[in-house]
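**Student:** Shown below is the structure under consideration.
The values are calculated or read from the model by the stated rules, or taken from the named source; none is laboratory data. Just so you know, these numbers come straight off a predicted model, no measurement behind them. Reconstructed Cβ throughout: ideal geometry from the backbone, glycine too, with neighbour counts over all protein chains shown.
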Amino acid sequence: MVVWIARALILVVTFLNLQAAILFILSPAQFAPGFELSGVSGEAVIRGMGLLFVMWNIPYVFALVDPLLHRVSLIEALIMQFIGVAGESLLLLLLPGAHPVLDATVQRFIYFDGSGFLLLLAAFLITFKLSRTGRAKAEF
């Protein structure tokens, strides 16, 4: 049962991350202004970010399949989410004033990745004891 709870938590993060990726790829013009980008080059940048989101979610998918067997993937995903929150927070602090739209976009990413970090941390913590006791196969 604990493994299924962990999977549900990982699924939420993976789904939301991939949904954002697909939206960035399919509708870049909708998101470019939030990054103070425009035109063909702005759309290309947003599409590229969407592709990066897909790439970055590979460990999440493996962790989702089996968070005990693919424990390293869960840890990688957790670290990636933390790097996202920390990096975005630093980015926000370093942005010069007079960029309210960009500030709001970065804040949304901080909330998004921060929520994902907390969900992945919960999945990691609730499976921690199982991973240490070798009961992975019994719980699958």
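**Student:** Here are Leu64, Leu130: which of them is within 27 Å of Pro28 (Cβ to Cβ) and either in contact (Cβ under 8 Å) with a residue 12 or more places away in the chain or in a helix (DSSP H, G or I) (or both)?
**Tutor:** Just a single option satisfies the conditions, and that option is Leu64.
**Student:** Looking at Leu18, is it over 10 Å from the mean Cα position of the chain (by Cα), of a type outside the set (D, E, K, R), within 21 Å of Phe117 (Cα to Cα) and assigned to a helix (DSSP H, G or I)?
**Tutor:** In short, no.
**Student:** Mind listing whichever residues of the range 89-127 are over 24 Å from Val72 (Cβ atoms), among the aliphatic types (A, V, I, L, M) and assigned to a helix (DSSP H, G or I)?
**Tutor:** Those that are over 24 Å from Val72 (Cβ atoms), among the aliphatic types (A, V, I, L, M) and assigned to a helix (DSSP H, G or I): Leu90, Leu91, Leu92, Leu93, Leu94, Val101, Leu102, Ala104, Val106, Ile110.
**Student:** Mind checking whether some residue in the range 82-93 is more than 20 Å from Leu23 (Cβ to Cβ), in contact (Cβ under 8 Å) with a residue 24 or more places away in the chain and aromatic (Phe, Trp, Tyr)?
**Tutor:** Among the residues of the range 82-93, at least one is more than 20 Å from Leu23 (Cβ to Cβ), in contact (Cβ under 8 Å) with a residue 24 or more places away in the chain and aromatic (Phe, Trp, Tyr), which makes the answer yes.
**Student:** Also, quick follow-up: I'd like the full set of residues that are under 24 Å from Ala63 (Cβ atoms) and of a type in the set (Ser, Thr, Tyr), limited to the range 90-122.
**Tutor:** Hits for the range 90-122 are Tyr111, Ser115.
**Student:** Which residue out of Val54, Val61, Val45, Val40 is at pLDDT 95 or above and more than 21 Å from Phe112 (Cα to Cα)?
**Tutor:** Testing whether each residue is at pLDDT 95 or above and more than 21 Å from Phe112 (Cα to Cα) leaves just Val40.
**Student:** Please find, among Ala98, Ala29, Ala104, the residue that is in contact with a helix residue (DSSP H, G or I) (Cβ under 9 Å, 6 or more places away or on another chain), farther than 30 Å from Ala123 by Cα and not β-branched (Val, Ile, Thr).
**Tutor:** Ala29
**Student:** For the structure I just gave you, tell me whether Met49 is over 28 Å from Lys129 (Cβ atoms), surrounded by 15 or more Cβ atoms within 10 Å (Cβ to Cβ) and not hydroxyl-bearing (Ser, Thr, Tyr).
**Tutor:** Values: over 28 Å from Lys129 (Cβ atoms): yes; surrounded by 15 or more Cβ atoms within 10 Å (Cβ to Cβ): yes; not hydroxyl-bearing (Ser, Thr, Tyr): yes.
It is true that Met49 is over 28 Å from Lys129 (Cβ atoms), surrounded by 15 or more Cβ atoms within 10 Å (Cβ to Cβ) and not hydroxyl-bearing (Ser, Thr, Tyr).
**Student:** Here is a further query. Mind listing whichever residues of the range 21-61 are over 13 Å from the mean Cα position of the chain (by Cα) and of a type in the set (Gly, Ala, Ser)?
**Tutor:** If the condition is that a residue be over 13 Å from the mean Cα position of the chain (by Cα) and of a type in the set (Gly, Ala, Ser), then Ser27, Ala29, Ala32, Gly34, Ser38, Gly39, Ser41, Gly42, Ala44, Gly48 are the ones that fit.
**Student:** Here's a follow-up. Taking the stated definitions as given, is Gly50 assigned to a helix (DSSP H, G or I), under 22 Å from Leu9 (Cβ atoms), touching a residue at least 24 places away in the same chain (Cβ under 8 Å) and not hydrophobic (A, V, I, L, M, F, W, C)?
**Tutor:** No: the conditions fail for Gly50.
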